[in-house]
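The values are calculated or read from the model by the stated rules, or taken from the named source; none is laboratory data. Note that this is a predicted model, so its numbers are computed, not measured. With ideal geometry, Cβ positions are generated from the backbone for all residues, glycine too; neighbour counts draw on all protein chains shown.
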Amino acid sequence: MRTIRFEKYYSSQERLKSIYDQTARRLPMRTDGAAEFTEWQAEARVRLRTLLGLERMASCPMKPVQLESVDRERYRREKWLIQTEPEVWMPFYVLVPHAIRGLGPAPVMIATHGHRGAGKLSVAGLDEIPAVKAAIEKYGYDYGRVFCEAGYVVFCPDARGFGERREFYFGARTNENELDEEFFLESSCAILNQKAIALGLTLAGMWTWDLMRLIDYISTRPDCDPARVGCAGLSGGGLQLLWLGAFEERVRCMVISGNFFGFRDSIIHQARCSCSYVPRLCEYFDAADLAALHAPRPLLIESGTEDVLSGPRGLANAREQVALARAGYRVLGAEDRLEHHVFAGPHRWDGAQTPAFLRRWLAGPGSATE
């Protein structure tokens, strides 16, 4: 006999949920009036900045380097590298539509990725690799390429722990396994977050900082209009944007897909990747509070009716959070700037309402958010 069967397991799960119910959301949004709400936003940003460890991030020269340029039928794909912290480099693709040549600075989209898509490769539409092509087909992952073909200059970065930014550490498989397609899709975000937490940092803070530095770089490019920068991301890509939008007012509008759920159901009841966890986050905020920090900037949230990440109550969990966030937008007279698109299907990018949303708030005339 190699193992034994236990008749009962003594879990801590119910105790954790009880602690959540007793202590969660000690800094909820205040919606008594616009002044009270904006005062709360300022207080909440200070608290969130500390939780993420953003004040400990180190600035440095970006030193941008172009690594390649490839012409496709409808766009040019450039590969770039910038330094976001000392000795920390972020590779990213820039997709530049041929149609914008000679027309002046164009509107910009930052397309962030989640898990299981080989980082930036999937959102940039590099489907020559069978495993990446399968991820694109499963999750609708090539939305960056779609944005480019619609006329936006698109930036597709690797987040820390993904793609060319994976960590190879003692006990892990090495890059000798790159020809293993499953390994190629994997990430090291979990172990990276654990190491960061031990140093008083978080992976969420690192992600947020890197995207801020990417916007710094975008502002230097003559083909990009820094006053018209939008973002969109699925799953972990949506989570990156939930953090970013809480701070970054240079982002004009955002689309968050497949990652907007109440924390009790989604990260306490369920087991999620370690990259979804920030120490003491639940003590102060829920997802709705983070979304309210985006207000009054336009935000489109899309939810699948069968998205398993929403937890045991399904779509009700997402709807509750949208309703709470909407109260913050309403108090600023910006209720029409928070949209919730529900589509029939599982955890994937849908994008049915995204083109109209972006035309209204990013690309079209008279689309200022002020």
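Yes/no per residue for (1) touching a helix residue (DSSP H, G or I) at 6+ places or on another chain (Cβ under 8 Å); (2) among the acidic types (Asp, Glu); (3) not in a loop (DSSP other than H, G, I, E, B):
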position	(1), (2), (3)
Tyr10	no, no, no
Asp21	yes, yes, yes
Leu48	yes, no, yes
Leu67	no, no, yes
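For segment 226-250, how many residues meet the condition of being part of a loop (DSSP other than H, G, I, E, B) and either acidic (Asp, Glu) or surrounded by 24 or more Cβ atoms within 10 Å (Cβ to Cβ) (or both)?
Number satisfying all stated conditions: 3.
Matching residues to (1) closer than 18 Å to Asp286 by Cβ; (2) touching a strand residue (DSSP E or B) at 6+ places or on another chain (Cβ under 9 Å); (3) without any contact (Cβ under 8 Å) to a residue 24 or more places away in the chain:
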{"position": "Gln13", "(1), (2), (3)": "no, no, no"}
{"position": "Arg25", "(1), (2), (3)": "yes, no, no"}
{"position": "Ala34", "(1), (2), (3)": "no, no, no"}
{"position": "Phe37", "(1), (2), (3)": "yes, no, no"}
{"position": "Glu43", "(1), (2), (3)": "yes, no, yes"}
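Would you check if Glu302 is in contact with a His (Cβ under 6 Å, 6 or more places away or on another chain) and charged (D, E, K, R)?
yes
Hey, does segment 280-303 have a residue that's among the aliphatic types (A, V, I, L, M) and surrounded by fewer than 19 Cβ atoms within 10 Å (Cβ to Cβ)?
Checked against the condition, which is being among the aliphatic types (A, V, I, L, M) and surrounded by fewer than 19 Cβ atoms within 10 Å (Cβ to Cβ), segment 280-303 yields no hits at all.
Within segment 105-119, can you find the residues that are at negative phi and either surrounded by fewer than 24 Cβ atoms within 10 Å (Cβ to Cβ) or in contact with a Cys (Cβ under 9 Å, 6 or more places away or on another chain) (or both)?
Passing the criteria: Pro105, Ala106, Pro107, Val108, Met109, Ile110, Ala111, Thr112, His113, His115.
I want to confirm something. Restricting to segment 281-317 and keeping residues that are free of Cβ contacts under 8 Å to residues at least 40 places away in the same chain, assigned to a helix (DSSP H, G or I) and over 19 Å from the mean Cα position of the chain (by Cα), which single residue is farthest from Pro28 (Cα to Cα)?
Among them, the one singled out is Leu315.
Give the residue that is surrounded by the most Cβ atoms within 10 Å (Cβ to Cβ), with candidates limited to residues of segment 251-277 that are under 18 Å from Ile110 (Cβ atoms) and among the small types (Gly, Ala, Ser).
Looking at the filtered set, the residue picked out is Ser257.
Could you tell me whether segment 128-136 includes any residue that is touching a residue at least 60 places away in the same chain (Cβ under 8 Å) and closer than 18 Å to Val255 by Cβ?
no
Go through segment 53-76 and report how many residues are without any contact (Cβ under 8 Å) to a residue 60 or more places away in the chain, of a type outside the set (D, E, K, R) and closer than 30 Å to Leu281 by Cβ.
Number of matching residues: 3.
Only one of Glu137, Glu68, Glu78, Glu87 is surrounded by fewer than 20 Cβ atoms within 10 Å (Cβ to Cβ), in contact with a Cys (Cβ under 9 Å, 6 or more places away or on another chain) and of a type in the set (D, E, K, R). Can you tell me which?
It is Glu87.
Identify, from the list Phe247, Phe261, the residue that is within 30 Å of Ala316 (Cα to Cα) and modelled with pLDDT under 95.
Exactly one of Phe247, Phe261 is within 30 Å of Ala316 (Cα to Cα) and modelled with pLDDT under 95, namely Phe261.
Got a sec? Which of Phe184, Phe170 is aromatic (Phe, Trp, Tyr), modelled with pLDDT under 90, farther than 21 Å from Leu211 by Cα and more than 24 Å from the chain's Cα centre (by Cα)?
Phe170 is the lone residue from the list that is aromatic (Phe, Trp, Tyr), modelled with pLDDT under 90, farther than 21 Å from Leu211 by Cα and more than 24 Å from the chain's Cα centre (by Cα).
Scanning for something surrounded by fewer than 23 Cβ atoms within 10 Å (Cβ to Cβ), touching a residue at least 12 places away in the same chain (Cβ under 8 Å) and touching a strand residue (DSSP E or B) at 6+ places or on another chain (Cβ under 6 Å), does segment 318-335 turn up at least one residue?
Yes: segment 318-335 contains one or more residues that are surrounded by fewer than 23 Cβ atoms within 10 Å (Cβ to Cβ), touching a residue at least 12 places away in the same chain (Cβ under 8 Å) and touching a strand residue (DSSP E or B) at 6+ places or on another chain (Cβ under 6 Å).
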